[in-house]
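Student: Okay, here's the structure, questions in a sec.
The values are calculated or read from the model by the stated rules, or taken from the named source; none is laboratory data. Everything numeric in this text was worked out from a predicted model, so none of it was measured. Reconstructed Cβ throughout: ideal geometry from the backbone, glycine too, with neighbour counts over all protein chains shown.
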Amino acid sequence: MFKKSKFNFNPVQEITVFGSMVFYIILLLFSLAIQDILMFKILLSGGIITFVITILIRSFYFKYRPNKQDYKNWIERLDAASFPSLHAARVMFLALVFMFKFQHLYTSLLFILIALLVMLSRAYLNKHDWIDIFSGAFLGLITYWLITLMF
């Protein structure tokens, strides 16, 4: 669908970055840089909760990715598992956090759009099936709810 250019820019591949651990860490560092300690605590707690729950689920229930990955050890097995989508969980959690932090219609729509595009990109890139994505989004929602009880 998208041609490769000499710059290797693939918009679908690029949008999925908003659900990555690297982007999440950048947001954590940014919240520290602007001295928003509450936001840092919320993001750190939410990141840990989604990661731990995903690891627990993948440890006891294994489902191959649409493009099957071979594995040789437990760490590789966790990466080869697709259920639930950690990208979807992170991006849903982030969208909800920022929607309720800013409480503005247009920024909320932007966060929703980004979350949906990340989830679509995971399916398009054959990293996850739709059940993985919906489960990850649900995990992000549950994580947000747990965080609101904590803070």
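Student: With the structure loaded, tell me whether Asn67 is at pLDDT below 95 and farther than 28 Å from Ile131 by Cβ or whether it fails that test.
Tutor: On the way: at pLDDT below 95: yes; farther than 28 Å from Ile131 by Cβ: no.
No; evaluated as a whole, the condition is false for this residue.
Per-residue answers, yes or no, for (1) surrounded by fewer than 22 Cβ atoms within 10 Å (Cβ to Cβ); (2) of a type outside the set (Gly, Ala, Ser); (3) modelled with pLDDT of 95 or more:
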position	(1), (2), (3)
Ser82	no, no, yes
Val91	no, yes, yes
Val97	yes, yes, yes
Gln103	yes, yes, no
Ile112	yes, yes, yes
Leu117	yes, yes, yes
Arg122	no, yes, yes
Ile131	yes, yes, yes
Phe134	yes, yes, yes
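Yes/no matrix, rows are residues, columns are (1) touching a helix residue (DSSP H, G or I) at 6+ places or on another chain (Cβ under 9 Å); (2) surrounded by fewer than 12 Cβ atoms within 10 Å (Cβ to Cβ); (3) farther than 24 Å from Ile142 by Cα:
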site	(1), (2), (3)
Val12	yes, no, yes
Ile25	yes, no, no
Leu28	yes, no, no
Ala33	no, yes, yes
Ile42	yes, no, no
Phe51	yes, no, no
Arg58	yes, no, no
Phe62	yes, no, no
Asn67	no, yes, yes
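Student: Looking at the range 98-111, can you tell me whether even one residue there is within 23 Å of Leu125 (Cα to Cα) and either of a type in the set (A, V, I, L, M) or over 19 Å from the mean Cα position of the chain (by Cα) (or both)? I'd like the intermediate steps shown before the answer.
Tutor: Taking the range 98-111 and keeping what is within 23 Å of Leu125 (Cα to Cα), we get 110-111.
Okay, now just the ones that are also either of a type in the set (A, V, I, L, M) or over 19 Å from the mean Cα position of the chain (by Cα) (or both), so 110.
Yes: the range 98-111 contains one or more residues that are within 23 Å of Leu125 (Cα to Cα) and either of a type in the set (A, V, I, L, M) or over 19 Å from the mean Cα position of the chain (by Cα) (or both).
Student: Can you tell which of Ile142, Ile75 is more than 13 Å from the chain's Cα centre (by Cα) and either within 16 Å of Ser20 (Cα to Cα) or at pLDDT 95 or above (or both)? Steps first, answer last, please.
Tutor: On the way: Ile75 fails: either within 16 Å of Ser20 (Cα to Cα) or at pLDDT 95 or above (or both).
So the residue among Ile142, Ile75 that is more than 13 Å from the chain's Cα centre (by Cα) and either within 16 Å of Ser20 (Cα to Cα) or at pLDDT 95 or above (or both) is Ile142.
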